[in-house]
1. Give A97, A89 a once-over and let me know the one that is in contact with a helix residue (DSSP H, G or I) (Cβ under 8 Å, 6 or more places away or on another chain) and touching a residue at least 24 places away in the same chain (Cβ under 8 Å).
2. Read through the list (1) surrounded by fewer than 18 Cβ atoms within 10 Å (Cβ to Cβ); (2) closer than 22 Å to D75 by Cα; (3) in contact (Cβ under 8 Å) with a residue 12 or more places away in the chain, then give the number of the only condition that Y134 fails.
3. So, of the residues in the range 237-271 that are modelled with pLDDT of 85 or more and polar (S, T, N, Q), which turns out to be least open to solvent (accessible area, probe 1.4 Å)?
4. For the range 76-86, indicate whether the set of residues that are touching an Asp or Glu at 6+ places or on another chain (Cβ under 8 Å), touching a residue at least 24 places away in the same chain (Cβ under 8 Å) and over 19 Å from S199 (Cα atoms) is non-empty.
5. Let me spell it out: the conditions are (1) crowded, with 22+ Cβ neighbours inside 10 Å; (2) of a type in the set (F, W, Y); (3) in contact with a Gly (Cβ under 9 Å, 6 or more places away or on another chain), and W112 meets all of them except one. Which number is the exception?
6. Can you confirm whether V107 is surrounded by 22 or more Cβ atoms within 10 Å (Cβ to Cβ), in contact with a strand residue (DSSP E or B) (Cβ under 6 Å, 6 or more places away or on another chain) and modelled with pLDDT of 90 or more?
7. Give the residues of the range 73-99 that are charged (D, E, K, R), surrounded by fewer than 22 Cβ atoms within 10 Å (Cβ to Cβ) and within 22 Å of P173 (Cα to Cα), sorted by residue number.
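The values are calculated or read from the model by the stated rules, or taken from the named source; none is laboratory data. Keep in mind that this is a model prediction, so the values were computed, not measured. Don't worry about glycine lacking a Cβ; one is built from the backbone with ideal geometry, like all the others, and counts go over all protein chains shown. Quick note on the areas: whole protein, heavy atoms, side chains included, nothing else; ligands and nucleic acids left out. Shrake-Rupley method; radii C 1.70, N 1.55, O 1.52, S 1.80 Å.
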Amino acid sequence: MVMALAVIAAAGFFLCLTPASLNACPASPAPNASYTTIYSIPNGCEQSSCDYFLAARLNDADPTYLDFWLEGNADGWIAVGFSETPIMANSDVFACALDTNNNSIPVLIDAWNGQGNSNTRDTQQDLCSRVLEYTFGRILCSFTRAIDTDDPNGQDLQLDDNLFLLLGTGSNPSTANPPALTIHTVTPLSSSSMLNVVSRAFESDYRVFARIPAGCERSLCTYYLAVRTNPDDPDTLDFELEGDAQSWIAIGLSKTASMESADVSGCVVQA
C-alpha cells in the first residue's frame with residue numbers, strides 16, 4: 001500500500017570528495033545510461049539535431065567520476081571549458097579533435113588555457129576515452145574524468161565548484177603531433193552564469209522533492225532533497241540530502257504535518 005507522508009525538513013551538512021587515483025579509469029557507463037543535459041544549442045533541441053550538446057552523469061562504478069557526452073556540428077573540433085570567469089584565461093578544457101593524419105576518428109584532448117588564452121595539452125591527461133566518432137560533419141565523443149584529479153601541475157579545476165561553461169567548436173583539423181586545438185574564428189560562448197556540473201549530474205535519475213529557496217541551483221540551496229528508486233533493488237530508495245548548516249541535516253517523514261511520531265533520517269558532523 002502506498003501512503004502519502006508529510007516531509008519535515010531541517011539542515012546542517014557539507015559534501016566531501018576524496019581525490020581520485022591518478023590515471024585510473026572506472027567502468028564505462030552502460031550503453032543505455034541516462035545523462036542530464038547540461039547545455040544545448042539551440043536551447044531545448046533534440047540531441048541529434050543540436051548544433052552543440054553537452055550532457056553529464058555520475059559514474060555508476062565510482063561516483064567520484066563524471067561521465068560526459070559531447071557532440072555537435074564541427075569539422076575540426078568541439079570542446080567544453082570550465083572557468084572561474086566567463087573568459088578563456090585559466091580554464092580547464094575537454095576537447096574532441098580531428099587531425100590531418102586521421103580525419104575520421106577524433107582524438108580526446110585534456111587541455112589548459114593559461115594567461116593570454118594560450119591553449120596547451122595538460123602535462124597529465126586525465127580523461128578516460130569512451131566513444132569517439134565523426135560522421136558527415138558531426139563530432140561525437142563520450143569520456144570520463146574525476147571530479148577532483150588533484151593534478152600536481154595545477155592544470156585541472158575541481159568540477160564540483162560553481163564554474164562558467166565555455167562552449168566552442170573549430171572548423172580546421174589539427175596539423176600538430178600530437179593533435180591540438182586550432183584557432184577558432186568565433187569567440188567561444190560562455191554560460192550566462194556559473195553552474196555546478198556535479199549538482200546537475202546528480203539529478204540524472206533522481207527526482208527533486210525539495211529546494212529552499214524554490215528553484216535554486218543545488219549547490220546554492222540552503223536545503224536540497226532528491227530521491228530515486230535504487231537501480232539494483234526497486235524496494236529501496238536512495239536519498240540525496242544537502243544544505244547549509246554547521247552540525248546536521250535531516251529529513252522527517254510523518255503522517256501529519258507535525259514532528260510527533262515522525263520517522264527521521266539525518267547526517268551529523270562529528271566534532
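1. A89
2. For Y134, the failing item is (1).
3. S254
4. yes
5. So W112 meets the others, but not (1).
6. On the way: surrounded by 22 or more Cβ atoms within 10 Å (Cβ to Cβ): no; in contact with a strand residue (DSSP E or B) (Cβ under 6 Å, 6 or more places away or on another chain): yes; modelled with pLDDT of 90 or more: yes.
For V107, the condition - surrounded by 22 or more Cβ atoms within 10 Å (Cβ to Cβ), in contact with a strand residue (DSSP E or B) (Cβ under 6 Å, 6 or more places away or on another chain) and modelled with pLDDT of 90 or more - is not met.
7. Filtering the range 73-99 down to residues charged (D, E, K, R) leaves 75, 84, 92, 99.
In the following step, the residues that additionally are surrounded by fewer than 22 Cβ atoms within 10 Å (Cβ to Cβ) were identified as 75, 84, 99.
Result: D75, D99.
This table checks each residue for (1) open to solvent by 50 Å² or more (accessible area, probe 1.4 Å); (2) under 24 Å from N32 (Cβ atoms).
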site	(1), (2)
C141	no, yes
L163	no, no
S171	yes, no
S174	no, no
P179	no, no
P188	no, no
S199	no, yes
